[in-house]
Amino acid sequence: MNKTVALLAPLAFALSACGLHPMYQGGSGGAVATTLSAVEVAPIQGQSGWLVSNALKDRLANNGGAAAYRLEVKLDDQIIGLGVRRDDSVSRERRTLRARYQLIDLRSGQVVLDATAGSDAGIDVVGSEYATIAAEKSALERLSGIVADQIVARLARTVREGGARPK
């Protein structure tokens, strides 16, 4: 037991000296959580926009309070055929979802953050058109969650670094 403590004590000291701090320090009352809950998500066009918007709203946890920031997102959703069979039909597709987003301070109108996020997924094209369409929709649902996670992580990092503060 004493050996374990003796080995872990220097490790704990080294980690505290490296400058790492919890992202959501202070819990739901901390600066990051408070600022993220003050972000309203502007409407996003299309089915992919609806999915990303809902995912963002779930992650930001705005409980109907006054918004201090507006998040504007523009999406680019594409499906590209990759693999080709002998009969020139597509055997594999790649679905990409890219987002360009801006965090805007509602009081000053200033753009606090302008960034991009994105991900892609591979889809097997099978003989059944229904199965292929279902796979494409399933890929879009997964990609929407991934892109929303990337956006919220970047917003949290921006708040943590002092780019946006709770009002």
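All of the numbers you see were taken from the coordinates with simple rules; none came from a lab. For clarity, every value in this text was computed on a predicted model and none was experimentally measured. Virtual Cβ from ideal backbone geometry, glycine too; neighbours counted across all protein chains shown.
Output ³J(HN,Hα) for the stretch 153-162: one whole-Hz value per residue in order, computed from phi by the Karplus curve 6.51 cos²θ - 1.76 cosθ + 1.60 with θ = phi - 60°, and x for Gly and Pro.
Whole-Hz 3J(HN,Hα) from phi for the stretch 153-162: 4, 5, 4, 4, 5, 5, 5, 4, 7, x.
Run the quick spin-label model on Glu141 and Leu106: label points 7 Å from Cα toward the beta carbon, then report their separation in nm to one decimal.
With each label point 7 Å from Cα toward Cβ, the separation is 3.2 nm.
Considering only DSSP states other than H, G, I, E and B, which trypsin sites (Lys or Arg not before Pro) in the stretch 91-125 qualify as loop sites with at most 13 other Cβ atoms within 10 Å?
Counting only loop positions with at most 13 other Cβ atoms within 10 Å, the trypsin sites (Lys or Arg not before Pro) in the stretch 91-125 are Arg107.
Suppose the chain between Asp124 and Asp149 were pulled fully straight at 0.36 nm per residue; how much longer would it get relative to their current alpha carbon spacing?
This chain segment gains 6.5 nm when fully extended.
State the three equivalent ellipsoid semi-axes of the stretch 49-102, derived from the C-alpha gyration tensor as the square roots of 5 times its eigenvalues, in descending order and whole Å.
Details: eigenvalues 283, 23, 7 Å².
Taking √(5λ) for each Cα gyration eigenvalue gives 38, 11, 6 Å.
Counting only other residues whose beta carbon sits under 13 Å from that of Asp76, what net charge do I get with K and R as +1, D and E as -1? All intermediate terms of the calculation are to be shown ahead of the outcome.
Working: positive: Lys74, Arg95, Arg98, Arg100; negative: Asp77, Asp120.
Taking every Cβ under 13 Å from that of Asp76, the sum is +2.
Which of rounded, prolate or oblate describes the stretch 110-159 when judged by the alpha-carbon gyration tensor and an a/c cut-off of 1.5?
prolate
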